[in-house]
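Structure first, commentary second.
The values are calculated or read from the model by the stated rules, or taken from the named source; none is laboratory data. What you see is a predicted model; the values in this text were computed from it and never measured. Every residue, glycine among them, receives a Cβ derived from its backbone with ideal geometry; neighbour counts consider all protein chains shown.
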Amino acid sequence: MASEVDIRKIGAKGRELFKKISEELQRDYRGKFVAIEVDSGDYFVGDTSVEASKKARKKYPDKVFFQGKIGYRAAVSFKGR
């Protein structure tokens, strides 16, 4: 369950996996979002983070996923005054 999950471990492992597959993903999916199930290494690509998550949840309904934006250092950015 999500409440029992160590989010820091998912983040660290997810960043490591994302780094390994990012070059491969950039060829076909630059600008899209990826959700990675860190225990299996399975990943799911979508036009939005919600779409990638929905695809991931179909296969892994009780998991927490690492998400990233392919070709970018951050999935979202906030701009303000």
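Things worth noting here:
- Hey, ALA56 at negative phi, at pLDDT 95 or above, part of a helix (DSSP H, G or I) and out of contact with any Gly (no Cβ under 7 Å at 6 or more places or on another chain) or not: yes
- Test: ARG8 is among the charged types (D, E, K, R) and either modelled with pLDDT of 95 or more or in a helix (DSSP H, G or I) (or both): yes
- When the stretch 59-81 is filtered for residues that are exposed (fewer than 15 other Cβ atoms within 10 Å of the Cβ) and either modelled with pLDDT under 95 or closer than 19 Å to SER22 by Cα (or both), the ones remaining, listed by number, are ASP62, GLY71, TYR72, ARG73, ALA74, ALA75, VAL76, SER77, PHE78, LYS79, GLY80, ARG81.
- Hits in the stretch 13-53 - residues which are of a type outside the set (Lys, Arg), part of a helix (DSSP H, G or I) and touching a residue at least 24 places away in the same chain (Cβ under 8 Å): GLY14, LEU17, PHE18, SER22, LEU25, GLN26, TYR29, SER49
- Scanning the stretch 23-58 for residues that are exposed (fewer than 15 other Cβ atoms within 10 Å of the Cβ), touching a strand residue (DSSP E or B) at 6+ places or on another chain (Cβ under 8 Å) and hydroxyl-bearing (Ser, Thr, Tyr) returns a single hit, THR48.
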